[in-house]
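Written below as structure tokens is the structure these notes are about.
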Amino acid sequence: QVQLVESGGGLVEAGGSLRLSCAASGSSFSANVMAWYRQAPGKQRELVAVIPNGSKSVYADSVKGRFTISRDNAKNTVYLQMNSLKPEDTAVYYCNMVIQGYENWGRGTQVTVSS
């Protein structure tokens, strides 16, 4: 059974940075697609960034130029470097990986940006 475990969330002041990590365990196969989503209170979950294996990354307009997604296939790990954070980035951030055609989700990590 595949498990995704996120880390790196926390409380930061506006303008600060955080780096999220998400590691997959329980599979010997590398994820085809790795992504980060987020869900703010009272809002729907939204895609933040996605990095397909061997393809170009795609970002939500709201984070372009501030966030960078990267992956380490050897470790089956995906990262999200978040710079110039804004209060509106406050949300629970979820890791998502498609492995062997199956979609897997992490439990989420809270990111809170104070103004």
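Bear in mind that the values in this text are calculations on the coordinates, not laboratory data. Not measured: the values here are computed from a predicted model. So basically every Cβ, Gly included, is an ideal-geometry build from the backbone, and we count neighbours across all protein chains shown.
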Cross-link candidates for LYS64: which lysines have Cα within less than 24 Å, leaving aside residues fewer than 8 places away along the same chain? LYS43, LYS56, LYS86
At THR68 and SER28, where each label point lies 7 Å from the Cα along Cα→Cβ, what is the point-to-point distance in nanometres? 3.4
Given a cut-off of under 8 Å on Cα pairs at least six residues apart, what relative contact order in percent is computed for the stretch 46-98? 23
Find the all-direction average of the projected area of the Cα convex hull for the chain, expressing the result in square nanometres with one decimal place. 6.7
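Report the gain in length on full extension from SER7 to GLN39: 0.36 nm times residue separation, minus Cα-Cα distance, nm rounded to one decimal.
On the way: separation 32, 0.36 × 32 = 11.52 nm, distance 1.61 nm.
Computed gain between SER7 and GLN39 is 9.9 nm.
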Could you give each residue of the stretch 48-58 its phi-based ³J(HN,Hα) in whole Hz, using Karplus coefficients 6.51, -1.76, 1.60 with θ = phi - 60°, and x for Gly or Pro? 9, 7, 9, 9, x, 5, x, 10, 6, 6, 10
